[in-house]
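A short worksheet on the structure shown next.
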Amino acid sequence: MQAGKPILYSYFRSSCSWRVRIALALKGIEYETVPINLVKDGGQQFSEEFQAVNPMKQVPALKIDGITIGQSNLSILKQVGQENQLAWAQKAISSGFHALEQILQSTAGTYCVGDEVSMADLCLVPQVANAERFKTDLTPYPTISRINKTLLALEAFQVSHPCRQPDTPPELRT
């Protein structure tokens, strides 16, 4: 890896990692990806090597100029338990989308807040992907669906998509 180039410790399916990838792509920042598989070997984020990078044991972790920034939400799903994840995720996503759909009635233009891509958009697309992953009905949210479709057409959202990451399993690539 080149010195000075940011390093993103990421998992292809992590919505939090996806938000960081979108931001980096929008800003035109080249970076190295270090895949951290959250499932393999009991979770590579728990390895001593990765704990030295991020003691929180979470992805994403973005290392820039020797400083590591981290954030994640997978730990919540683990707390809910495997048998309750689908129902919990659907309820949580629907609740958030119900409120967001109402907010977007007064803020949306082409995107969530007017006609410029904002942080809200970086959060929206991965969350819609989570909704699809957890089989959440999106028909009550036409504004969210429209904005998501528009955003997915942008290059930054395409190159950062989970199906296009170096650690994406072959069966999930498009």
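The values are calculated or read from the model by the stated rules, or taken from the named source; none is laboratory data. Every value quoted in this text rests on a predicted model; they were computed, and no experiment measured them. All Cβ positions, even for glycine, are placed from backbone atoms using ideal geometry, and neighbour counts span all protein chains on display. Surface areas here come from the heavy atoms of the whole protein model, side chains and all, with no ligands, DNA or RNA. Shrake-Rupley method; radii C 1.70, N 1.55, O 1.52, S 1.80 Å.
For the residues Val34, Val59, Val80, a GNM of the chain with alpha-carbon springs under 10 Å puts the largest fluctuation on Val80. Counting Cα-Cα pairs of the chain in 10 Å increments starting at 0 gives whole-percent bin shares of 9, 35, 36, 17, 2. Solvent-accessible surface of the stretch 117-174, taken per residue with a 1.4 Å probe and all protein chains present: 53 Å². Compactness check for the stretch 82-170: Cα Rg over 2.2 N^0.38 Å is 1.13. Pairs spanning more than 31 Å between alpha-carbon atoms, out of Lys63/Lys91; Lys27/Lys149; Lys57/Lys135; Lys5/Lys91; Lys40/Lys91; Lys27/Lys57: Lys63/Lys91; Lys5/Lys91. Each principal axis of the Cα cloud of the stretch 1-49 was taken in turn, and the coordinate range along them, longest first, works out to 34, 25, 10 Å. Ligands, DNA and RNA aside, Lys135 has an accessible area near 150 Å² when probed at 1.4 Å. When each pair of different Cα atoms in the stretch 16-99 is counted once in the 1/r mean, what is the Kirkwood radius in angstroms, to one decimal? Kirkwood hydrodynamic radius for the stretch 16-99: 14.7 Å. Using a simple spin-label model with pseudo-atoms 7 Å out from Cα toward Cβ, Arg133 and Arg164 lie 1.8 nm apart. Of the DSSP H helices in the chain, those with a Cα length along their own long axis of 24 Å or more and a mean Kyte-Doolittle hydropathy reaching -0.5 comprise 85-107. GNM remark for the chain: springs join alpha carbons under 10 Å apart, and the peak mean-square fluctuation among Gln158, Gln127, Gln82 falls on Gln82.
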